[in-house]
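Enquirer: One structure, as structure tokens, below. Some questions next.
Just so it is clear, none of the values below were taken in a lab; they were calculated from the coordinates. Keep in mind it's a predicted model, so treat the numbers as computed, not measured. Positions of Cβ are backbone-derived with ideal geometry, glycine not excepted, and every protein chain shown enters the neighbour counts.
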Ligand code: UDP
Ligand code: MG
């Protein structure tokens, strides 16, 4: 029967099958293109940004957000929330013993804040560079703090400072389902294939 012969799979002995599998396991990693290899290295990073009460109260949210969008960073999470002493003691654990901590607590709880998860190649560094030095008076003009702040405390934004911090901070402020993985249709005009 002609049809039957066409659809029947060829018989492969377990020995031959094992050989084919071994060849494939060696060949596959070699044959993956560079772009796909880089994908497995996960070069896209996520970082946490907070628009502090100093940004919300002064009506700077739109202008600061526009800077991140203009840069090509991808928004994967965004929401408004009221921070509490409990979450701030975690978030600013490195500062709880400093004399200015009560003032920082009052400042960060003065109004609701907006928390964001931004994605991009080297996003943690890129966002920190855009944010500028902690003290707005020392921050370079052209940075967010340099352009919108004259204060060491009322410095309008927070941004994660390392990959380890970013991971912990995103989990601190967002539930997993609030982070939405997506890729803009125009990604090819933001990055070359090997960069994403
Ligand atoms: N801060 C302050 N006084 C200081 C140092 C820091 O009020 O002398 C506040 C300021 O709002 C800063 C935050 O504490 O953004 C966290 O401090 P950090 O040293 O982590 O600076 P950042 O990472 O925000 O640049
Ligand atoms: Mg910090």
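Enquirer: Determine, at each q value in 0.10, 0.15, 0.17, 0.18 (inverse angstroms), the log₁₀ of I(q)/I(0) that the Debye formula gives when each Cα of the chain is one equal point scatterer.
Expert: Normalising to I(0) and taking log10 leaves -0.53, -0.94, -1.15, -1.25.
Enquirer: Who wins for biggest fluctuation among 26, 74, 50 in a Gaussian network model of the chain, springs between alpha carbons below 10 Å?
Expert: 26
Enquirer: Next question, about the same structure. On a 0 to 90° scale, report how tilted helix 61-71 is relative to the longest principal axis of the chain, with both axes built from alpha carbons and the result rounded to the nearest 10.
Expert: The two axes meet at around 40 degrees.
Enquirer: Connecting C-alpha atoms closer than 10 Å in a GNM of the chain, tell me which of 149, 162, 103 has the biggest fluctuation.
Expert: Comparing 149, 162, 103 in the GNM, the peak value goes to 103.
Enquirer: Can you give the helix-only mean residue ellipticity at 222 nm for the chain, where every DSSP H stretch with n ≥ 4 adds -39500 (n - 2.57) and the sum goes over all residues, rounded to the nearest 500 deg cm²/dmol? Please report the intermediate quantities before stating the final value.
Expert: Working: 10 runs with 87 residues, N = 196.
Result for the chain: -12500 deg cm²/dmol, rounded to the nearest 500.
Enquirer: Separation between the residue 17 and residue 121 pseudo-spin-labels, each 7 Å from Cα along Cα→Cβ, expressed in nm?
Expert: It is 4.3 nm.
Enquirer: Any idea how far the Cα center of region 177-191 sits from the one of region 53-132, in Å?
Expert: 21 Å
Enquirer: How far is helix 163-173 tilted off the main Cα axis of the chain, in degrees rounded to 10, range 0 to 90?
Expert: For 163-173 against the chain, the angle is about 70 degrees.
Enquirer: With the Cα gyration tensor of region 113-196 giving a ≥ b ≥ c as the square roots of its eigenvalues, does the rule (a/c under 1.5 for rounded; else a/b larger than b/c for prolate; else oblate) give rounded, prolate or oblate?
Expert: Numbers: a/c = 2.33, a/b = 1.44, b/c = 1.62.
The shape class here is oblate.
Enquirer: A further question follows. Can you figure out the FRET efficiency of residue 164 with residue 66, using R₀ = 35 Å and their beta-carbon distance, to the nearest 0.05?
Expert: Efficiency, rounded to the nearest 0.05: 0.75.
Enquirer: Would you mind telling me which residue in 72, 146, 62 has the biggest mean-square fluctuation in a Gaussian network model of the chain, where springs connect alpha carbons within a distance under 10 angstrom?
Expert: With Cα springs under 10 Å in the chain, the top fluctuation among 72, 146, 62 is at 62.
Enquirer: Further, regarding this structure: In nm, give the distance between the simple-model label positions of residue 140 and residue 179, each being 7 Å from the Cα along the Cα-to-Cβ direction.
Expert: With each label placed 7 Å out from Cα toward Cβ, I get 2.8 nm.
Enquirer: Quote the relative contact order of the chain in percent (integer), defining contacts as alpha-carbon pairs under 8 Å separated by 6+ residues.
Expert: Values: 251 pairs, mean separation 57.3, N = 196.
The normalised contact order for the chain reaches 29 percent.
Enquirer: What is the extension gain from residue 27 to residue 103, computed as 0.36 nm multiplied by their sequence separation minus the C-alpha to C-alpha distance, in nm to one decimal?
Expert: Numbers: separation 76, 0.36 × 76 = 27.36 nm, distance 6.09 nm.
Working it through step by step, the gained length comes to 21.3 nm.
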